[in-house]
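Down below is the structure, laid out as structure tokens.
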Amino acid sequence: MSRSASDPAPAAPAPRFAVVGNPDNRRVTLFADAVRAAGLPAPRVVAWEEVLRSGGAGFAADEVVRLDSPGEHPGVDRLLRGVQDPTRVEGSALWYARFTRALRGLRGGVRLDDADELAVLFDKRRCHAALAAVDVPVPYSPTSGPGAARVTGWDDVRTVMRDHRMPRLFVKLAHGSSASGVLAVEASGSGRIRATTSVELTADGRLFNSLAVRRYERERDIAAIVDTLAPDGLHLERWLPKASQRGRAADLRVVVVAGRATHAVVRTSGSPLTNLHLGGSRGDLDAARDAVEAAGAHWADVLAVCERAAACFPRTLCVGVDLLPAVGWRRFAVGEVNAFGDLLPRLTGLPGSGAEGLDTYAAQVAAVLRRAADSSHPHHLHRTGSTHVSA
């Protein structure tokens, strides 16, 4: 017997999740917890180490595939960067080449992350250019977009500082993450140079990531660091003076899921680097919201900036946006957009976001379930046998 037009449509089958990540890593564990909490079977975990060693992985047509960070695993780090010591800074260009090649080796499934978009997100120069092209506010950068300056070492950085009138700027690895290789450089009127960074320069010229933020005030040391990092590719940005909270520099990490800002945290620090693992601490989000409103701006407009940034990557379900508030809390710029920027344990959703009571992982699972159930928008979940699928 055929179904009549008045009969309700059959319920969509529950999604089957798979995740490419490092087994036992807290990111994978938190996501698996969110999947099980939604009443679904635990996701199938495909290890990055397996993907890298075998040159790819295949997924069933009905598997919903999430890609998670390959970080925090020494063996995976060796395969990606070709270094034996995971605390070394060098090797980010090789990491990028091998990571993007691994993405192209993933086959089938319904993807929550797009390979081409990830390739942009993990190149700060390309990401900055993509944001600027649609008028998302970003710090000025001479190394992205048409006519981008080529930076081969410290002499080029000095030239950029002079020619672009940038006495204060950030020097970043084009393919870096977690503040690895970042230097906050400032020149005084007398020409003295100072750099604040987590990079440790050893006596024999090697570079290591450190949990201690330090300052270098000898230009030859700063030049040695920059010259060593330059072959991996550098991105330069104007250093924007940031708003403060309780006397500490402040910025925000805003998570955007399915186009909507769902979670936010204020990060504060006594140094220009606000990363929590470098001594930064969570600030007061309510106080930040109050400061925005007191300055005559609107909190909804602040979140909208992050949503506009995320809209540059429509085939990637979730991104973390680093938002830089200018002094006074009235103007904002997007510092970075992070593909794996959702690690904010125990943080629940913003009021009115639709993710109230949900952590970042549960919000993503809920978004997938909504899309799977929405038969009026079948394009929201695509299946393909090629290297990427949009969600």
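The values are calculated or read from the model by the stated rules, or taken from the named source; none is laboratory data. Please read all numbers here as calculations on a predicted model, not as lab measurements. Backbone-built Cβ (ideal geometry, glycine too); neighbour counts: all protein chains shown. Ligands, DNA and RNA are stripped out before the accessible areas are found, and what is left, the full protein with its side chains, is counted by its heavy atoms. Shrake-Rupley method; radii C 1.70, N 1.55, O 1.52, S 1.80 Å.
So the values come out like this:
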{"read-out": "The range 100-118, residues that are assigned to a strand (DSSP E or B) and either on the phi > 0 side of the Ramachandran plot or of a type in the set (A, V, I, L, M) (or both)", "value": "106, 108, 109, 110"}
{"read-out": "Any chance residue 91 is in contact with a strand residue (DSSP E or B) (Cβ under 6 Å, 6 or more places away or on another chain), small (Gly, Ala, Ser), open to solvent by less than 60 Å² (accessible area, probe 1.4 Å) and touching a residue at least 40 places away in the same chain (Cβ under 8 Å)", "value": "no"}
{"read-out": "Residue in the range 244-259 that is free of Cβ contacts under 8 Å to residues at least 24 places away in the same chain and over 18 Å from the mean Cα position of the chain (by Cα) present", "value": "yes"}
{"read-out": "Scan of the range 231-265 for residues that are among the aliphatic types (A, V, I, L, M) and closer than 22 Å to residue 311 by Cα, ordered by number", "value": "252, 254, 255, 256, 257, 258, 261, 264, 265"}
{"read-out": "Every pair of residues 6+ apart whose Cβ atoms lie under 6 Å, when the first sits in the range 281-309 and is open to solvent by 40 Å² or more (accessible area, probe 1.4 Å) while the second is of a type in the set (Ser, Thr, Tyr)", "value": "281/268"}
{"read-out": "From 189, 181, 176, residue being small (Gly, Ala, Ser), open to solvent by less than 30 Å² (accessible area, probe 1.4 Å) and either on the phi < 0 side of the Ramachandran plot or in contact with a Pro (Cβ under 8 Å, 6 or more places away or on another chain) (or both)", "value": "176"}
{"read-out": "Residues (open to solvent by 30 Å² or more (accessible area, probe 1.4 Å) and farther than 18 Å from residue 173 by Cβ) located in the range 131-154", "value": "132, 133, 134, 135, 137, 140, 145, 146, 147"}
{"read-out": "Condition met for residue 170 (among the aromatic types (Phe, Trp, Tyr) and either within 30 Å of residue 45 (Cβ to Cβ) or open to solvent by 40 Å² or more (accessible area, probe 1.4 Å) (or both))", "value": "no"}
{"read-out": "Residue identified as out of contact with any strand residue (DSSP E or B) (no Cβ under 6 Å at 6 or more places or on another chain), surrounded by fewer than 15 Cβ atoms within 10 Å (Cβ to Cβ) and among the hydrophobic types (A, V, I, L, M, F, W, C) among 203, 230", "value": "203"}
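One line per residue, one yes/no per condition, for (1) surrounded by 18 or more Cβ atoms within 10 Å (Cβ to Cβ); (2) modelled with pLDDT under 95; (3) assigned to a loop (DSSP other than H, G, I, E, B):
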{"position": "237", "(1), (2), (3)": "yes, no, no"}
{"position": "251", "(1), (2), (3)": "yes, no, no"}
{"position": "256", "(1), (2), (3)": "yes, no, no"}
{"position": "262", "(1), (2), (3)": "yes, no, no"}
{"position": "265", "(1), (2), (3)": "no, no, no"}
{"position": "271", "(1), (2), (3)": "yes, yes, yes"}
{"position": "274", "(1), (2), (3)": "yes, yes, yes"}
